[in-house]
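Here's the structure, in structure tokens; my notes come after.
The values are calculated or read from the model by the stated rules, or taken from the named source; none is laboratory data. Source: prediction; values computed, not measured. Positions of Cβ are backbone-derived with ideal geometry, glycine not excepted, and every protein chain shown enters the neighbour counts. Heavy atoms of the whole protein, side chains included, go into the accessibility calculation; ligands, DNA and RNA do not. Shrake-Rupley method; radii C 1.70, N 1.55, O 1.52, S 1.80 Å.
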Amino acid sequence: MNIKVGLTILSFIISIVVGFTLSKSGESDSSDKLTKDQIVIGLSMDTLKEARWQRDRDYFIEKVEAMGGKVLVQSANSDDTRQIQDVRSLISSRVDVLVIIPHNGAAMATAVKEAHKAGIPVVAYDRLITDCDLDLYISFDNEIVGEEQAKYLIDKLGGEGNIVRLYGAPTDNNAKLFKQGQDNILDPLIEKGAIRVVHDDWVKDWDPANAKRIMNAAITKTKDFDGVLASNDGSAGGAIQSMMEAGLAGKVPVTGQDADLVACQRIVNGTQAMTIYKPIKSIATSAAELAYKMATGKPVIANSSVDNGEKNVPSVLLEVTVVTKENLKDTVIADGYHSEEAVFDGGK
Ligand code: BGC
């Protein structure tokens, strides 16, 4: 399947007015629904493991409630069967709109179909749901995330060297996009022999313990590597743990993503080189506003579109920022994402 971010490359903004024609099929026989005018939004989450997801949830709820609505939240603990059950339970609670952060972007196509049967539109949040008639996708430009990670590392290495690569969870469409972005930068250098990938693997469920195992395997194979291209802060943390035990932490640059507090602290103490800051408040509040609009039948403006294998899904893609020791204060701290004390003194 060829997933492509459309048109943004030309810095050409198209405005797509997303018209939602779904009607609530069962609505007429629900007296409860007829008397209830508070908007209810279902939020089905893959996990709350990474710190960012708790913030996504909290900002999302805060915004929906500020608009007068209510959010029902379920979290599936990285389990597809459980996430399908969660969605079914939200459908039977007769939510007006479903917002899904899929554990598995392919498996959740079923959930979209079931929601549509009940007349409920679906928004994919942060991670795409593939091969289905998805109504809206809100995320960051994930291919750019991968490009920025690889560009940073290559720059640090002066354009050549041996690297270890840790991709994300194979079930997460974002992981494929991060890898695609990284490949865009690395492939020409690999082809001409300037960059050699000495070890690479996918981190199942983005679990830091799996990242640590992959890094252990890399170190057992060779200690001759100049950088580690980790796709998020959780896997960077696992890799750095392994490097620490081998006496290698802080010796070569390690990339990340999410601006997790512990990752920012590692950037300060020098064991991690960079992270990608994705403004969680922006994605959560935009998603809340868009979902609320959909629930009230108002038109929604999308600035882009993404091919999910079945259709060009109207999409809203937000920008990301590269964070290093030099700009920590002007980015995550200035934005109020973490306090200066927590980042600079909390890691000690
Ligand atoms: C998100 C990352 C996150 C990862 C693990 C990805 O889909 O975009 O921000 O670190 O999932 O939860």
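Table for the structure above
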{"quantity": "Residues of the range 215-231 classified as open to solvent by 10 Å² or more (accessible area, probe 1.4 Å) and closer than 24 Å to Lys151 by Cβ, total", "calculated": "3"}
{"quantity": "Of residues in the range 41-71 being under 15 Å from the mean Cα position of the chain (by Cα) and open to solvent by 40 Å² or more (accessible area, probe 1.4 Å), the one farthest from Gln257 (Cα to Cα)", "calculated": "Arg57"}
{"quantity": "Total residues in the range 213-244, condition of a type outside the set (S, T, N, Q) and farther than 25 Å from Ala342 by Cα", "calculated": "14"}
{"quantity": "Hey, Gly159 in a loop (DSSP other than H, G, I, E, B), within 30 Å of Arg196 (Cα to Cα), at pLDDT 95 or above and open to solvent by 10 Å² or more (accessible area, probe 1.4 Å) or not", "calculated": "yes"}
{"quantity": "Selection count, the range 226-262, where residues are within 13 Å of the ligand (Cβ to nearest atom) and under 19 Å from Val332 (Cα atoms)", "calculated": "13"}
{"quantity": "Filtered residue count, the range 113-156, keeping only those that are open to solvent by 10 Å² or more (accessible area, probe 1.4 Å) and assigned to a helix (DSSP H, G or I)", "calculated": "13"}
{"quantity": "Residue in the range 188-202 that is within 17 Å of Ser235 (Cα to Cα) and within 13 Å of the ligand (Cβ to nearest atom) present", "calculated": "yes"}
